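Please read the structure below before turning to the comments.
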Amino acid sequence: MNAEPRILRTQAEETLALEFAAARTQLPGSPAIAAARENAFAAFQKQGLPHRRTEAWRYTDLRALLRTVPPLAIGPTAEASVLADPLPGLDRARLVVVDGSFRPELSDLAGIDGVTIRPLVDLLQEGDARIGLQVASLNDAMVSLNSALMLGGVAIEVPAGVRIERAIEIAHVTTSAVASHVRNLVTVGDDASVRILETHVGPAGSAYQANIVTEATAGHRAKVVWAKLQSEGDASVHLGTLAVTIGTETAFDHLTLMIGAAISRSQTFVTYSGENARAGLFGATMLRGKQHADIALSVDHAVPNGASRELFKAVMDGRSEGVFQGRIIVRPDAQKTDGRMMTQGLLLSEDASFFVKPELEIFADDVQCAHGATSGEIDEDILFYLLSRGLPRAEAETLLVTAFLAEAIEGLGDEAIGEAFEQISRKWLAARGQEAA
Amino acid sequence: MLEIKNLHASIDGKEILRGVDLVVPTGEVHAIMGPNGSGKSTLSYVLSGRDGYDVTEGEILFDGKDIVEMPAEERASAGVFLAFQYPLEIPGVATMTFLKAAMNAQRKARGEAELTTPDFMRRVKTAAEKLNVTQEMLRRPLNVGFSGGEKKRNEILQMALLEPKLAILDETDSGLDIDALRVVSEGVNALRDPGRSMLVITHYQRLLDHIVPDKVHVMSAGRIVRTGGPELALELEAKGYADYAGEAA
């Protein structure tokens, strides 16, 4: 038997089917978007929630993990409460998205003249053809679900030649136990330069689910720095996807910091459409308790002379689980590709686990590709060296973990953002040290 | 200062120290020599409180207080310093950050105020100049890419800054050429002080030409088997450890 009919739906899948049936006529969008929603939901239903035998989701079995789904967030909520600033002291413009809807009145658009900001809902109504383009070939059930239920988000357009110094944050805020499906669209023109921040926060103890899909394109000779901070509430589920295509001679540097949520998955898909482009992809994950965080990466070298660097670090305490899946694809034409991927896990507890799956799919013959993965505990010899100099154990471990993560955080090459993110890691470590004391 | 009585210690059930008796009075420099495998390095680790060693019998009295149960970091703050035979490389931790963290951790543990940055910088600069430790070395991650000589100079720099009461130098001469040996020895000699004791562990006599000890002890098979003056080192250099090999089973 080579087909596996799926007749039984899980309770969560049943709920989603009922919700889509009820919401389909109310969801925003042109007739073309409405048709796309139907197709997307059919695609989701065909696959169902990802499970252990879904290769790309192997270590994050949503069929088992998502027993139930909270009610769908429909339209802007009345409550306009915004949680504490996740990056205090970091100067940036803020585009605030609450429970799936863009809230201009909560946003700060100063210092980004020349950039066009629009609510995604407007583009949905117009049936903007860019929506869905970057994710069309992903064949990912949770992205399909987002395409079916997407509500709002923001569209950022940086026109050709515009160089913006001030970072632009898309601040995703969830206020209660709802399921939100956010879609963002970021278009960076030729020779343009921009720094994007993506933050995700929500209340502690709330079992909300956030599914955020961001589609982006960076034109030729563009320069993009993109940093994502996932510091969701501790009982939440975070599913984040970024699909980006980069043009000729473009530099794209991306950092993901994963610290929050009970269950999280952050997917980044990078496709090279022009030669001599360079992508740097970095990640720092900090987990404790029973947290589960999965970083999935796909770098598609579709054209020659592309370079990519990936460095992902994960620190796991308690009974937490870290996952890294990294795929580098080198298409037949993509000669002279230079790809290097490194993943390192640091286990702070005997009960923590780290799953790593590097994949290289190389179809060209003149390429340089390498990957490496390590997983281990804090080196006892090094720890003793620090203790013998009088550093208390917690402080010594903090110093070593900070150094471990710093390499990935500094990889982004943006001092201000790097410093703000390192503060978050220091805070996490300080809290850990206090527990130990 | 240091009084070791009938010290027995084992690792993974294997007894390495089998009854060490040793007294190092305040202000004196004592050398411990002995063949490989005699327990010299183990003694240095047990004195500085490394995990993994079981002290099964005996006492280590430091300033009259038994420190056997004291964790490594508390011994350090109390004034015990170990200069490592192989100083460790710590990528991502700048040497200056490390020095400041260590000095302030010890001050904090002793109830003293943390150093101000200018005070800290001044102390490091003064000590570094004496040991030919360059500003460039201080900016690098701790010991990363340092030559053998640079690592040992960095150890002595830490000793100078931490001002221990008892310094244990484990094979400080290993991996050093003659010039580096002289710089390191001068650094150590500059730290000789009536209030500071030193225990110099070495396989070879040549280090003791530079750091002249008050007493020399010979260790074999986990015990101190002979004690004498500096001339004992010369005798060992001439005759080797053959006389003691029988005990180092």
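Values for this structure:
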read-out	value
Test item: B:78-89 mean partner chain Cβ contacts at 10 Å	2
Principal-axis tilt of helix B:117-130 within chain B, Cα atoms, nearest 10 degrees	50
Region B:103-171: C-alpha gyration tensor shape, a/c 1.5 cut-off, then a/b vs b/c	oblate
Distance in nm between pseudo-label sites at A:L109 and B:Y204 (7 Å out along the Cβ direction from Cα)	7.5
Area accessible to solvent at B:Y204, 1.4 Å probe radius, in Å²	120
Antiparallel %, DSSP beta bridges [both residues in the protein assembly as shown], to 5	20
Size of electric dipole in the protein assembly as shown: Cβ of Lys, Arg +1 and of Asp, Glu -1, about Cα centre, debye, nearest 20	680
222 nm mean residue ellipticity, helices alone, for chain B (DSSP H n ≥ 4; -39,500 (n - 2.57); rounded to 500)	-11000 deg cm²/dmol
Exposure ranking of A:E380, A:E198 by accessible area [1.4 Å probe, largest first]	A:E380, A:E198
Label-point separation in nm, B:N36 to A:D365, each point 7 Å along Cα→Cβ	5.1
Interchain or long-range residues, amide H under 5 Å from A:H292's placed H	A:I263, A:S264, A:E321
Loop GluC sites (Glu not before Pro), region A:104-191 (other Cβ atoms within 10 Å of the site Cβ: 13 or fewer; DSSP)	A:E165
Between B and A, accessible area buried - total, square angstrom, nearest 100, 1.4 angstrom probe	1900
Residue-count net charge about A:V201 - beta-carbon cut-off 13 Å; Lys, Arg +1, Asp, Glu -1	-4
Those lysines that a straight Cα-Cα span of less than 21 Å connects to A:K313, excepting residues fewer than 8 apart in one chain	A:K228, A:K290, A:K357, A:K427
Over chain A, relative contact order from alpha-carbon pairs under 8 Å, at least 6 apart, %	10
Two-decimal Rg/Rh across region A:157-251, once Rg and the Kirkwood Rh are taken from alpha-carbon atoms	1.06
Solvent exposure ordering (accessible area, 1.4 Å, most first) of A:D300, A:D366	A:D366, A:D300
Listed peptides B:205-217, A:351-363 by packing density, highest first (mean Cβ within 10 Å)	B:205-217, A:351-363
Size of electric dipole in region A:52-188: Cβ of Lys, Arg +1 and of Asp, Glu -1, about Cα centre, debye, nearest 20	600
Using alpha-carbon coordinates, inclination of helix B:95-109 to the longest axis of chain B, degrees	70
Nearby lysines by direct alpha-carbon distance to B:K108 (threshold 18 angstrom, same-chain neighbours under 8 apart not counted)	B:K100, B:K165
Alpha-carbon centroid distance for the pair region A:119-182 / region A:196-262, whole angstrom	11
Of the DSSP H helices in chain A, those whose Cα atoms cover at least 15 Å axially and whose Kyte score averages 1.0 or more	none
Positive dipole terminus of the protein assembly as shown, leading residue within A:Q125, A:Q209, A:V356 (C-beta point charges)	A:Q125
Heavy atoms of A:D113: accessible area, 1.4 Å probe, square angstrom to 10	130
222 nm mean residue ellipticity, helices alone, for chain A (DSSP H n ≥ 4; -39,500 (n - 2.57); rounded to 500)	-7000 deg cm²/dmol
Between 0 and 90°, nearest 10: helix B:178-190 axis offset from chain B longest Cα axis	80
Centre separation in Å (Cα based) which lies between region B:36-106 and region A:404-426	32
Solvent-accessible heavy-atom area per residue, rounded to whole Å², over the protein assembly as shown at 1.4 Å	40
Fraction in percent of alpha-carbon pairs per bin - 10 Å, chain B	7, 31, 36, 21, 4, 0
Net lengthening on full extension, B:E15/B:T116 (0.36 nm per residue, minus Cα-Cα)	31.8 nm
Shape call, chain A: gyration tensor on alpha carbons, a/c limit 1.5	rounded
Net charge, A:Q335 excluded, C-beta distance under 14 Å - Lys, Arg +1, Asp, Glu -1	-3
Shape of region A:77-202, Cα gyration tensor, a/c cut at 1.5	oblate
Among B:P87, B:L99, B:L115 - extreme Cα towards positive end, dipole of region B:75-115, charges at beta-carbon	B:L115
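The values are calculated or read from the model by the stated rules, or taken from the named source; none is laboratory data. The structure presented is a predicted model; accordingly, all values stated were derived computationally and were not measured. Every residue, glycine among them, receives a Cβ derived from its backbone with ideal geometry; neighbour counts consider all protein chains shown. Each accessible area value is taken on the protein alone, full model and side chains, heavy atoms only, with ligands, DNA and RNA left out. Shrake-Rupley method; radii C 1.70, N 1.55, O 1.52, S 1.80 Å.
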